[in-house]
1. Could you check, for segment 70-86, whether at least one of its residues is of a type outside the set (D, E, K, R) and part of a loop (DSSP other than H, G, I, E, B)?
2. Restricting to segment 100-130, and then to whatever is over 22 Å from SER75 (Cα atoms) and not in a loop (DSSP other than H, G, I, E, B), can you tell me which residue is modelled with the highest pLDDT?
3. Looking at segment 133-142, which of the residues that are surrounded by 15 or more Cβ atoms within 10 Å (Cβ to Cβ) and not small (Gly, Ala, Ser) is nearest to VAL82 (Cα to Cα)?
4. Quick one: ALA103 ticks every box in (1) farther than 30 Å from ALA157 by Cα; (2) of a type outside the set (Ser, Thr, Tyr); (3) surrounded by 18 or more Cβ atoms within 10 Å (Cβ to Cβ) except a single one, so which number is it?
5. Identify, from the list ARG67, ARG108, ARG156, the residue that is of a type in the set (Lys, Arg), under 14 Å from the mean Cα position of the chain (by Cα) and surrounded by 13 or more Cβ atoms within 10 Å (Cβ to Cβ).
6. Identify the single condition in (1) closer than 26 Å to ALA41 by Cα; (2) free of Cβ contacts under 8 Å to residues at least 24 places away in the same chain that THR83 does not satisfy, given that it satisfies every other one.
7. So THR137 passes all but one of these: (1) modelled with pLDDT of 90 or more; (2) outside any loop (DSSP other than H, G, I, E, B). Which condition number does it fail?
8. Give the residues of segment 112-145 that are of a type in the set (Gly, Ala, Ser) and either without any contact (Cβ under 8 Å) to a residue 12 or more places away in the chain or out of contact with any helix residue (DSSP H, G or I) (no Cβ under 7 Å at 6 or more places or on another chain) (or both), sorted by residue number.
Amino acid sequence: MPGLARIALLATAIVLAVAVGACGGQQDSSAKNDYVKQVNAAQTRFASAAKSAGQQITRTSSASQDRRTLDRFGSTIEDLVVTLRAIKAPTDVRGEHGRLVAAMEGHRDEVARATARLRSPTTRELAEVQRQLSAATITVNADLSSATGAINAKLRAR
């Protein structure tokens, strides 16, 4: 199971390391810069927690230890979702911010489903969960990159 859990943990942390960029010079740049700082701080905390969780899954960790780690990771994703929801996005990026939150909500749900299926998996089920989690991670990474890119583009355009 270490390969399965690493897919969920590390790939997400890599995407979230892509920061939202600051804007400069606009009259309302203070609010936008505050927004950027809040989102980046949330992403940094999440990436750190994901990295830590990934380090707990080793070749010698048991399946039950790995499931507990994935459970904690699901809680970490939920914490990020709650934090992102609480951040007041500038008017011109509210839709993009909503996409960012929705992407993390979807990933939280995928990790929860995968973790639930790992209670007593057969070898076949384990392989299927690994494929599903891998596909979900690719999707969330694309969604997060797209939302972050759109936020950056709008914040820099004004």
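The values are calculated or read from the model by the stated rules, or taken from the named source; none is laboratory data. None of the values given here were measured: they were computed from a predicted structure. Positions of Cβ are backbone-derived with ideal geometry, glycine not excepted, and every protein chain shown enters the neighbour counts.
1. Filtering segment 70-86 down to residues of a type outside the set (D, E, K, R) leaves 70, 73-77, 80-84, 86.
Filter again for part of a loop (DSSP other than H, G, I, E, B), leaving none.
Within segment 70-86, not a single residue is of a type outside the set (D, E, K, R) and part of a loop (DSSP other than H, G, I, E, B).
2. ARG124
3. It comes out as VAL140.
4. With (1) farther than 30 Å from ALA157 by Cα; (2) of a type outside the set (Ser, Thr, Tyr); (3) surrounded by 18 or more Cβ atoms within 10 Å (Cβ to Cβ) applied to ALA103, the lone miss is (1).
5. The unique qualifying residue is ARG108.
6. Evaluating THR83 over (1) closer than 26 Å to ALA41 by Cα; (2) free of Cβ contacts under 8 Å to residues at least 24 places away in the same chain leaves (2) as the failure.
7. Of everything listed in (1) modelled with pLDDT of 90 or more; (2) outside any loop (DSSP other than H, G, I, E, B), THR137 misses just condition (1).
8. Scanning segment 112-145 gives ALA116, SER120, ALA127, ALA135, ALA142.
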